[in-house]
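Nothing in this text is a laboratory measurement; each read-out follows from the coordinates by a stated rule. All figures in this text were calculated on a predicted structure; none of them were measured in a lab. For neighbour counting, all protein chains shown are included, and Cβ atoms are generated from backbone atoms with ideal geometry for every residue, glycine included.
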């Protein structure tokens, strides 16, 4: 819907009760949750119960087609239980006033927003955060996001997104935690805890697990596309992060756009009721993604009325934006196709969440209007943003130890992304984008100060085709386009480079080239940027490539030709400062990839946890006819999962096991010594992988089963230990039983998924 009536809502509501904000402060409800909700539901009409299941869009930031509604009137009638896409605090207070003061039963609203990686303080995109492998810091960032969002009146976030993705063509890979289910599960738990550890606490908000399920497995990396896979693969490769979030107590779950077993997720009873609720024990409420019920008709299921019936039967509690529940649920009850008992169960789940958030005691949860400015973008929040952005940066190549740079001489920042601040935020930026942000050029200049000179040249546009922007495909934000010819821009950049001591090339993707609906068929660097980069390399000057992206990109040419490659990602509010910290060595880079970087786009989908075929070859071998390989490129990645280097070096000692075999109730310790052999302190991320050599079904060549972040001073050594137990060896077999099988396993430890030491362990 279009939020054309917001100003009217605000005016009418403000006239009702100026004291609303403090109306119920300190008034504690003295009965139990069950008693309160039972008594409340006893007063509700069927339409009011259905109203709690209705979630309209609040301001027109649509990501699909939604129904036009009379939002004010529907809230007043008790026909709206939640609202999304309203982030203005005055508007939120106004809408809550209508719900509490003008509706018959005075039931407050759930106010939801995509608080994905920060609200006013923007942290790196989730994919970047995962490259820190720092679950404690990720949790802290989520908690800060909750503190800021709650101050504005938001009490529900559509996060975490934990969709495992192997195909970087899919733009929404930026929103997840990479390709590995184990790591994503660890991060999912941290995010849920950060958002909602204690929902009664006014600064916590309800989390929403998404997208359930398999959204990251869309064919060809094309958003909203078809998904088809066996249940064996589903449970072994994709379901663990969802289950982990449920076990962590996530309060809500969002169904995905795709189909599962040829049924859209929003109408899939097996997925929602059998697995999520019965198998995993989920007790919270469920919600569709944007217009999800209505879009079931586009999949070819049936008309909306039937789709509403299927969704209710499947266990979907809240209808986001389609209005199908509002239009059809009462009729379906009258026709005996949906029971009133089902409606009662759905309604109760929503009301329970509102109770647990403390909304019945105070819809504003104790927040004052003053907190809108005092509770956000605090220095300590910005410090966390800078630290997390720094830990997320991955140094991929540093030929000749060009980095770190000295803060002296003449430094040229060249590239279309060099002066942009807003572009560093990444997709889904909450309310952070309204605040000006420092660009890389300015951060480099600030760091150098009076000790040197920093100059700039644009060098190129981000891409050659202006029609992308003209058609609304790409929002350019503060980058803009230069009307000069590509040749003139390159000529200027080359002259600037020749007259400098070192060149920092700021190339990559605009923010709006990633995220929802931003699938790319070709992940090579855009030609116009590569032409610039080639010209810079020809100057003979040291060139540092800062690759600013929201996804893994194809890197065969860059790996072969660029002397220095730094994957900076879209790093949020403090991205530029964090980049400068790494460039000048104030921070020793420690990030490691959580997605495989392919050589070429045609290798996708790609994951380190691949399966051997009947004719395997070494990934680095040249083409071998009648084997499992490509004619024109090796099977190896450009950079593997878990990869990242540092300004220091680490030596891994010999791997050992405390025993060569174990019983099902036993444990074995894998250990080795890691030594910092360089001249500066650093953090190393040591990784444990396991391979089930022979099983009843085929198993991946390796799977991540543990990791430890280890700080080492120069010359320091530490012993790193991993405890291996039988549950770590389990998998879903052909009967979907979660089992371990006796036999031999390869235990692998190393700095990334390819460079590992291997020992054999036998499970008796």
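Structure above, values below:
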{"item": "Residue order, fewest to most beta carbons within 10 Å, for 438, 71", "result": "438, 71"}
{"item": "Length-normalised contact order for region 650-763 - Cα pairs under 8 Å, 6+ apart - percent", "result": "32 percent"}
{"item": "Calculated over region 374-458: convex hull of Cα atoms, volume per residue (Å³)", "result": "139 Å³"}
{"item": "Residues of region 299-314 with amide N under 16 Å of the 7 Å Cα→Cβ point at residue 337", "result": "300-314"}
{"item": "Degrees, to the nearest 10: 181-196 long Cα axis against longest axis of the chain", "result": "50 degrees"}
{"item": "Contour minus Cα-Cα distance for residue 327 and residue 669 (0.36 nm per residue)", "result": "117.2 nm"}
{"item": "DSSP bridge orientation in region 650-763 - percent antiparallel, rounded to nearest 5", "result": "95 percent"}
{"item": "DSSP beta bridge pairing in the chain, given as percent antiparallel to the nearest 5", "result": "55 percent"}
{"item": "Highest average packing first - 492-500, 132-140, 718-726, 225-233, Cβ atoms within 10 Å", "result": "132-140, 492-500, 718-726, 225-233"}
{"item": "Alpha-carbon radius of gyration plus Dmax, which is the widest Cα pair, for region 451-508 in Å", "result": "13.6, 45"}
{"item": "Equivalent ellipsoid dimensions for region 263-320 as semi-axes, Å, which come from the Cα gyration tensor, largest first", "result": "20, 11, 8"}
{"item": "Region 385-593: C-alpha gyration tensor shape, a/c 1.5 cut-off, then a/b vs b/c", "result": "rounded"}
{"item": "Residue order, fewest to most surrounding Cβ atoms within 10 angstrom, among 627, 519, 322", "result": "627, 519, 322"}
{"item": "Estimated inter-spin distance, residue 499 and residue 200, nm [label 7 Å along Cα→Cβ]", "result": "6.8 nm"}
{"item": "MRE, 222 nm, helices only [DSSP H, n ≥ 4, -39500 (n - 2.57), over the chain, to nearest 500]", "result": "-8000 deg cm²/dmol"}
{"item": "Where a label projected 7 Å from the Cα of residue 521 along Cα→Cβ would reach, residues of region 153-194 with amide N under 20 Å", "result": "167-173"}
{"item": "Rounded Å value of the spacing that divides the Cα centres of region 66-136 and region 386-418", "result": "38 Å"}
{"item": "Cα-based equivalent ellipsoid, region 149-305: semi-axes from gyration tensor eigenvalues, Å", "result": "24, 18, 15"}
{"item": "Among beta bridges that DSSP assigns inside region 385-593, antiparallel share in %, nearest 5", "result": "15 percent"}
{"item": "Kirkwood hydrodynamic radius over Cα pairs of region 650-763, then Stokes diffusion coefficient at 37 °C and 0.692 mPa s, in µm²/s", "result": "220 µm²/s"}
{"item": "Cα centroid separation, region 162-178 to region 534-589 (Å)", "result": "21 Å"}
{"item": "Sorted by Cβ density within 10 Å, fewest first, the residues 166, 330", "result": "330, 166"}
{"item": "C-alpha long axis of helix 33-43 to longest principal axis of the chain, angle in °", "result": "50 degrees"}
{"item": "Inter-centroid distance (Cα atoms) of region 613-664 relative to region 463-503, Å", "result": "39 Å"}
{"item": "Cα convex hull of the chain - mean projected area over all directions, nm²", "result": "33.8 nm²"}
{"item": "For peptides 702-711, 590-599, sequence by mean Cβ density within 10 Å, most packed first", "result": "590-599, 702-711"}
{"item": "Nearest-0.05 FRET efficiency for residue 224 and residue 302, computed from C-beta distance (R0 25 Å)", "result": "0.85"}
{"item": "FRET efficiency estimate (nearest 0.05) - Cβ-Cβ, residue 486 to residue 280, R0 60 angstrom", "result": "0.65"}
{"item": "On Cα atoms only, tilt of 324-334 relative to the major axis of the chain in degrees", "result": "40 degrees"}
{"item": "Under 17 Å from the residue 530 label point (7 Å along Cα→beta-carbon), backbone N, region 453-468", "result": "460-465"}
{"item": "Highest to lowest packing among 547-559, 184-196, 290-302, scored as the average C-beta count within 10 Å", "result": "184-196, 547-559, 290-302"}
